[in-house]
Every structure is written in structure tokens, then in C-alpha cells.
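Undergrad: Please read through the structure below; I'll follow up with questions.
The values are calculated or read from the model by the stated rules, or taken from the named source; none is laboratory data. Remember, predicted model here, so these are calculated numbers, not experimental data. Quick reminder, even Gly has a Cβ in these numbers, built from the backbone with ideal geometry, and neighbours come from all protein chains shown. We work out accessible area using only protein heavy atoms, side chains counted, and drop any ligands, DNA or RNA first. Shrake-Rupley method; radii C 1.70, N 1.55, O 1.52, S 1.80 Å.
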Amino acid sequence: MDSQLYTARDWRVIKARLRLSPRQLQIAKLVCKSYSIQEMASAMRVSPHTIQMHMKCLFKKLEAHDRVGVVVKIVLAAPRK
């Protein structure tokens, strides 16, 4: 399920910098891959409602208003190459 955008080390740095829980990191990776709520629910074997609640918490934590805002925060937190 790892995104090709960043290495495992990059994701660890992003997780630490943004203070994400393991589940929030998993959701963030899927957002970066443009997964829909339904696709995330299937991939994580949970209900779409559960995904929506995780997304709501992620938006609040990152002070993002939408998925694009989440991706921007991730890009800004990623290590520079």
C-alpha cells in the first residue's frame, strides 16, 4: 500500500513532522493516491463512514479544508531531495 511518491523513510519523517497516527498516515497515503472514500474503505476493510471520520480528524489536525490541502501539507512536510 506504500505510495511511490515517497520512500518509507520519507513517510516516517512526514508522520513525525505532522504528528500523525499510524491510521492517519495510512489515510494520507491513500489521499495522495487519489483514492475515493469507497476505495479507501475497501482497501482498509472498514466502512465508508469510518473513513469519513478519519478524514475529518485528519483535516482538523492538518488544518486543511479538503484533500488538496492535505496533499499540500504532506508535500511541505516531506524531506527535501
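Undergrad: Which residue is modelled with the lowest pLDDT, if the candidates are limited to segment 3-55 and must be aromatic (Phe, Trp, Tyr) and closer than 15 Å to Leu76 by Cβ?
TA: Tyr6
Undergrad: What are the residue pairs meeting all of these: first residue in segment 19-43, first residue among the polar types (S, T, N, Q), second residue not in a helix (DSSP H, G or I), Cβ atoms under 8 Å, and 6 or more apart or on different chains?
TA: As it stands, the answer is Gln26/Met1, since those pairs meet every condition given.
Undergrad: In segment 45-68, how many residues are open to solvent by 20 Å² or more (accessible area, probe 1.4 Å) and free of Cβ contacts under 8 Å to residues at least 24 places away in the same chain? Spell out how you get there, then give the answer.
TA: The initial filter retains those residues of segment 45-68 that are open to solvent by 20 Å² or more (accessible area, probe 1.4 Å), namely 45-50, 52-54, 56-57, 59-61, 63, 65-68.
Subset that is free of Cβ contacts under 8 Å to residues at least 24 places away in the same chain: 45-50, 52-53, 56, 59-60, 63, 65-66, 68.
The total comes to 15.
Undergrad: I've got another one for you. Determine, yes or no, whether Ile14 is in contact (Cβ under 8 Å) with a residue 40 or more places away in the chain, open to solvent by less than 50 Å² (accessible area, probe 1.4 Å), in contact with a helix residue (DSSP H, G or I) (Cβ under 6 Å, 6 or more places away or on another chain) and not basic (Lys, Arg).
TA: So Ile14 passes the test.
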